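Have a look at the structure below, then the notes.
The values are calculated or read from the model by the stated rules, or taken from the named source; none is laboratory data. Source: prediction; values computed, not measured. Every residue, glycine as well, gets a Cβ built from its backbone with ideal geometry; the counts of neighbours run over all protein chains shown.
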Amino acid sequence: MDRNSNAYTFIFAIVTVVIIAAGLAFTATTLKPLQAENVRKEKMQNIISTIGVDANRDESAELFKKYIKKQLVLKADGTIDDAVDAFTLDLKKELHKPYAQQRFPIYLAEKDGKKYYIIPLFGSGLWDDIWGYIALDSDKNTIVGASFDHKGETPGLGAEINQSWFEDEFKGKKIFDDNGDFVSVKAVKGGAKPDDVHGVDAISGGTLTCNGLTHMLEERLKNYVPYLKKN
Amino acid sequence: MAEEKEGLFSKKNISLLTDPLNDDNPITVQVLGICSALAITVQLKPAIVMALAVMFVLIFSNVIISLLRNLIPSRIRIIVQLLIVAALVIIVDQILKAYAYDVSKELSVFVGLIITNCIIMGRLEAFALGNGPWKAFLDAVGNASGYAIILVIIAFFRELLGSGKLFGYEVLGHKGRTLAESTGLYHYGYENNGFMLLAPMALITVGVIIWVQRSRNTKLIEQ
């Protein structure tokens, strides 16, 4: 058959596409369970890392069960919605719903007899989604740990939000001021004052990512204020 | 066919493997694949994984295209090449996500961007379409290694000078909040050069490598 005829070109194109599509579909389906499992374990790992439990991905599921006592989903007014599962709730989708229909997951953890409240976060960085978890002490005010991650922030700059030196800055910061009003925690460009309990040093070169992070903390945490004040 | 009779490791074949390392380096001589050389060389580890991913894709695509070279209709050859490269890249991405999750997160979008790496399309078009699979294999290994060497050199300097680390380890000492808290070089007032972390410095580093290479290898200098 003439290699330059139209018929040959069409047949070749169709056969190639079908073979490649089948190959890709096969790869994607076989690897899907493994990938989903990685994502699930990583989420557990991140959640428990905020209360100071260092787990590798394989043991995270077991430790998650051990430390996380309750997984609640809150309505906007702070009451509990039993119909929704906290762990599988997709925060990104929730954000697109009208405020009254949004649900806010919270994890109640217990470690060495102390209670912690772990709040998942979700927002936008400079290039793409950023997310994280923040753990509050039993006073529901002091942060005991934070864990952040991102999809596509600039490596070496904004991407540093998932590094422990940045996450550790949040330890001991407070989300309510002395009058009990909600103020959140901000990443301050140029460095926060040493006695500022509501500010951490932003990352130099990563200002836009840090602004997104500040915004995320404020927007997400404020939804939990009714619950934290009530209980 | 005299060509087919030559040994597997004849001089000509070996030069396919070694030329791209120096005289015909894809980055410093052909100036291809610069985009990824700038993007993922902030740290050594992602640079090495990226180099391995490019090697995988280049070897397989070069050999596959070389095997199909007498079947591919010339009018759609570029699309066919792209299709095969894209399929291989997706496979790499999926495998990394399943078996090397942390690394795949670090490389994020750059794995997908291997599709647009000019080195790959360049080798397919210039070499694989006209040569047998064994030669295509050697050519792919050679070019991917040439790419890898430059990537590692750039990443070495950028990570060392930009963040004082190598593979994430603080080799120049630890930088504390004050001089007294700092150890190593930082104790004497050394500062990391944040500019090294930005793309322009990667380009300048490539320029310096090209300069050094040409001053040592005079046959590369154009008259």
query: Restricting the first residue to the stretch A:21-36 and requiring it to be within 9 Å of another protein chain (Cβ to nearest Cβ), which pairs with a second residue that is modelled with pLDDT under 95 and exposed (fewer than 14 other Cβ atoms within 10 Å of the Cβ) meet a Cβ separation below 8 Å and a spacing of at least six or different chains?
result: A:34/B:99
query: Any chance the stretch B:12-32 includes a residue that's in contact (Cβ under 8 Å) with a residue 60 or more places away in the chain and of a type in the set (Ser, Thr, Tyr)?
result: yes
query: Residues in the stretch B:109-130: is at least one over 18 Å from residue B:82 (Cα atoms) and not in a helix (DSSP H, G or I)?
result: no
- line: Scanning the stretch B:142-177 for residues that are without any contact (Cβ under 8 Å) to a residue 24 or more places away in the chain and among the basic types (Lys, Arg), the one surrounded by the most Cβ atoms within 10 Å (Cβ to Cβ) turns out to be B:175
Pair list, Cβ under 6 Å, 6 or more apart: the stretch A:203-224 residue part of a helix (DSSP H, G or I), other residue basic (Lys, Arg) and crowded, with 18+ Cβ neighbours inside 10 Å: A:214/A:186
- prompt: Taking the stated definitions as given, is residue A:110 within 14 Å of residue A:144 (Cβ to Cβ) and surrounded by 15 or more Cβ atoms within 10 Å (Cβ to Cβ)?
  reply: yes
field: Residue that is nearest to the chain's Cα centre (by Cα) [pool: residues in the stretch A:95-135 that are over 21 Å from residue A:184 (Cα atoms) and of a type in the set (Asp, Glu)]
entry: A:128
query: residue A:167: in a helix (DSSP H, G or I) and under 25 Å from residue A:193 (Cα atoms), yes or no?
result: yes
task: Being under 9 Å from residue B:162 (Cα atoms) and in a helix (DSSP H, G or I) is the filter here, so list the residues in the stretch B:187-208 that pass it.
output: B:194, B:195, B:196, B:197
message: Here is a check on your reading of the model: is residue B:51 of a type outside the set (Phe, Trp, Tyr) and either without any contact (Cβ under 8 Å) to a residue 60 or more places away in the chain or away from chain A (no Cβ under 14 Å) (or both)?
response: yes
- prompt: Out of all the residues in the stretch A:205-231, which are crowded, with 21+ Cβ neighbours inside 10 Å and of a type in the set (Lys, Arg)?
  reply: A:220
query: What are the residues in the stretch A:56-81 that are more than 23 Å from residue A:228 (Cβ to Cβ), outside any helix (DSSP H, G or I) and not polar (S, T, N, Q), if any?
result: A:57, A:58, A:59
message: Condition first: facing chain A (nearest Cβ under 10 Å) and either modelled with pLDDT under 85 or touching a Gly at 6+ places or on another chain (Cβ under 6 Å) (or both). Can you find one or more residues in the stretch B:75-94 that meet it?
response: no
statement: Out of (1) closer than 23 Å to residue B:31 by Cα; (2) more than 9 Å from chain A (Cβ to nearest Cβ), the one residue B:100 does not meet is (1)
statement: Contact list, first residue from the stretch A:39-59 and within 12 Å of another protein chain (Cβ to nearest Cβ) and modelled with pLDDT of 85 or more, second anywhere and in a helix (DSSP H, G or I) and crowded, with 21+ Cβ neighbours inside 10 Å, beta-carbon distance below 6 Å, six or more apart or interchain, is A:41/A:60; A:45/A:60
- request: Report, by residue number, each residue of the stretch A:1-16 that is more than 17 Å from residue B:65 (Cα to Cα), at the interface with another protein chain (Cβ under 7 Å from one of its Cβ atoms) and of a type in the set (Ser, Thr, Tyr).
  value: A:8
- request: State whether the residues of the stretch A:92-104 include one that is charged (D, E, K, R), touching a Gly at 6+ places or on another chain (Cβ under 9 Å) and away from chain B (no Cβ under 14 Å).
  value: no
- request: State yes or no: is residue B:112 surrounded by fewer than 20 Cβ atoms within 10 Å (Cβ to Cβ), more than 13 Å from chain A (Cβ to nearest Cβ) and modelled with pLDDT under 90?
  value: no
field: Residue in the stretch A:171-181 that is buried (at least 19 other Cβ atoms within 10 Å of the Cβ), outside any loop (DSSP other than H, G, I, E, B) and out of contact with any Phe, Trp or Tyr (no Cβ under 9 Å at 6 or more places or on another chain) present
entry: no
query: Among the residues of the stretch B:60-74, is there at least one that is within 11 Å of another protein chain (Cβ to nearest Cβ), of a type outside the set (A, V, I, L, M), out of contact with any strand residue (DSSP E or B) (no Cβ under 7 Å at 6 or more places or on another chain) and over 30 Å from residue A:25 (Cβ atoms)?
result: no
- request: Please work out which residue is farthest from residue B:155 (Cα to Cα), limiting yourself to the stretch B:165-196 and to residues that are in contact with a Ser or Thr (Cβ under 7 Å, 6 or more places away or on another chain) and within 14 Å of chain A (Cβ to nearest Cβ).
  value: B:176
- request: Taking residue B:103 as the residue in question, decide whether it is touching a residue at least 12 places away in the same chain (Cβ under 8 Å), part of a helix (DSSP H, G or I) and touching a Gly at 6+ places or on another chain (Cβ under 7 Å).
  value: no
